[in-house]
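Trainee: I am attaching a structure below and will ask some questions about it afterwards.
The values are calculated or read from the model by the stated rules, or taken from the named source; none is laboratory data. All values reported here derive from a predicted model rather than from experimental measurement. Don't worry about glycine lacking a Cβ; one is built from the backbone with ideal geometry, like all the others, and counts go over all protein chains shown.
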Amino acid sequence: MPRIDVAITHPDRVLFPADGITKGDLVDYYCQVADVMLPHLRDRPLTLQRFPRGIDESGFVQQDFADSMPAWMSSAEVAKEGGSVVHPVAHRPEALAWLANQNCITLHAWQSRRDRLDRPDRLVFDFDPSGNDFAVVRATARATADVLADLGLATYVQTTGSRGLHVVVPLRADADFDAVRQFARDVADIVVADDPAHRTLEARKSKRGERVYLDIMRNAYAQTAVAPYSVRARPGAPVATPLEWDELDGRGMRPDRFTLRDVPKRLAGQGDPWTDMRRHARSLTGPLQRLAKRRA
């Protein structure tokens with residue numbers, strides 16, 4: 001497709017003061033990773049975190065871009081009570097550049113695509129630590145992946161760029177959100193029951209203690225999860241980074257291990273660990289039957 005020129009305004013504006021990272025750096029990063037990132041975003045409505053004055057000042061979350069998107073930008077119009085919301089959809093590198101120019105640091109994506117908004121094609125487990133023991137988070141993610149593998153599903157892992165991990169399961173989009181979320185809840189019940197001293201489904205932070213929270217609520221209509229390769233609005237500009245499973249126990253691995261400055265080099269050296277994800281999408285029909293037998 002013909003290239004579109006995106007005017008970048010105030011490229012020297014500092015968005016990460018402690019690191020000297022500018023808007024221009026953010027635009028450059030998203031352009032560098034676009035070819036890898038865009039397949040994970042294709043046709044997904046986006047919600048953006050914007051920080052016009054940088055991360056040391058208050059930012060805001062924006063979903064509706066109906067009045068501001070350029071004509072060439074792809075979108076998804078989602079009905080709501082009394083009207084609709086027009087979410088941006090990133091379908092080409094210039095879309096990522098345009099969003100970065102709007103000081104959109106972090107991209108959050110739906111689990112479904114605009115042609116079937118009510119049918120998720122991925123399931124997300126979000127592992128949120130209560131303390132600083134990343135080993136417990138890793139162990140919980142692996143335990144969840146083991147249960148899912150026993151049920152016949154492929155699993156992929158990424159750092160969140162914040163404090164935890166995501167385990168993502170590609171699906172064939174043949175079940176609605178309620179069914180997918182209940183399946184996730186039933187799997188999480190098994191994982192928690194195996195080590196209740198370190199794992200919990202308790203949503204209230206005050207009741208979690210030091211346990212890892214298995215958040216399955218990303219699997220609901222209109223809910224989002226941080227997009228793969230998205231920058232987080234935190235010091236150092238950490239990036240939500242897909243991993244190979246054997247990297248998870250690597251020396252120095254942390255949820256904020258990879259940053260805007262090193263992810264492009266990482267991708268150039270080893271590629272995207274999630275590149276084959278869509279080929280491994282499975283129906284939930286068989287896994288649901290196997291799960292029912294396991295729980296009987």
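Trainee: Output the residue which, of all residues in the range 122-139 that are in a helix (DSSP H, G or I) and of a type in the set (A, V, I, L, M, F, W, C), is nearest to the chain's Cα centre (by Cα).
Mentor: My answer is Val137.
Trainee: Restricting to the range 186-203, name every residue that is surrounded by fewer than 17 Cβ atoms within 10 Å (Cβ to Cβ), among the small types (Gly, Ala, Ser) and either in contact with a helix residue (DSSP H, G or I) (Cβ under 8 Å, 6 or more places away or on another chain) or not in a helix (DSSP H, G or I) (or both).
Mentor: Matches in the range 186-203: Ala197, Ala203.
Trainee: Further, regarding this structure: Taking the range 39-76 only, how many residues are of a type in the set (A, V, I, L, M), more than 20 Å from Phe16 (Cβ to Cβ) and either assigned to a loop (DSSP other than H, G, I, E, B) or touching a His at 6+ places or on another chain (Cβ under 7 Å) (or both)?
Mentor: 6
Trainee: Please list, ordered by first then second residue, the pairs with beta carbon atoms under 8 Å, 6 or more apart or interchain, first in the range 6-28 and under 16 Å from Gly59 (Cβ atoms) and without any contact (Cβ under 8 Å) to a residue 24 or more places away in the chain, second of a type in the set (S, T, N, Q) and in a loop (DSSP other than H, G, I, E, B).
Mentor: none
Trainee: Do the conditions hold for Pro255, that is, is it under 20 Å from the mean Cα position of the chain (by Cα) and not hydrophobic (A, V, I, L, M, F, W, C)?
Mentor: Yes; evaluated as a whole, the condition is true for this residue.
Trainee: A further question follows. Checking the conditions here, which among Leu267, Leu291 is within 24 Å of Val192 (Cα to Cα) and either in a loop (DSSP other than H, G, I, E, B) or in contact (Cβ under 8 Å) with a residue 24 or more places away in the chain (or both)?
Mentor: Details: Leu267 fails: within 24 Å of Val192 (Cα to Cα).
Exactly one of Leu267, Leu291 is within 24 Å of Val192 (Cα to Cα) and either in a loop (DSSP other than H, G, I, E, B) or in contact (Cβ under 8 Å) with a residue 24 or more places away in the chain (or both), namely Leu291.
Trainee: Please enumerate the residues belonging to the range 146-169 that are among the β-branched types (Val, Ile, Thr) and part of a strand (DSSP E or B). Spell out how you get there, then give the answer.
Mentor: First, the residues of the range 146-169 that are among the β-branched types (Val, Ile, Thr): 147, 155, 157, 159-160, 167-169.
Those that are among the β-branched types (Val, Ile, Thr) and part of a strand (DSSP E or B): Val157, Thr159, Val167, Val168, Val169.
Trainee: Restricting the first residue to the range 223-237 and requiring it to be at pLDDT below 95, which pairs with a second residue that is crowded, with 24+ Cβ neighbours inside 10 Å meet a Cβ separation below 7 Å and a spacing of at least six or different chains?
Mentor: none
Trainee: What residue, of Arg142, Arg119, is among the basic types (Lys, Arg), closer than 28 Å to Gly236 by Cβ, more than 17 Å from the chain's Cα centre (by Cα) and not in a strand (DSSP E or B)?
Mentor: Values: Arg119 fails: closer than 28 Å to Gly236 by Cβ.
The unique qualifying residue is Arg142.
Trainee: Quickly run through the range 82-106 and pick out the residues that are without any contact (Cβ under 8 Å) to a residue 60 or more places away in the chain, in contact with a strand residue (DSSP E or B) (Cβ under 9 Å, 6 or more places away or on another chain) and within 17 Å of Asp64 (Cβ to Cβ).
Mentor: Going residue by residue through the range 82-106, those that are without any contact (Cβ under 8 Å) to a residue 60 or more places away in the chain are 82-91, 95, 102, 104.
Those left that are additionally in contact with a strand residue (DSSP E or B) (Cβ under 9 Å, 6 or more places away or on another chain): 84-91, 95, 102, 104.
Within the range 82-106, Ser84, Val85, Val86, His87, Pro88, Val89, Ala90, Ala95, Gln102, Cys104 meet the criteria.
Trainee: Something else about it: May I ask you to say which residue of Val78, Val89 is among the β-branched types (Val, Ile, Thr) and either modelled with pLDDT under 95 or surrounded by fewer than 19 Cβ atoms within 10 Å (Cβ to Cβ) (or both)?
Mentor: On inspection, the qualifying residue turns out to be Val78.
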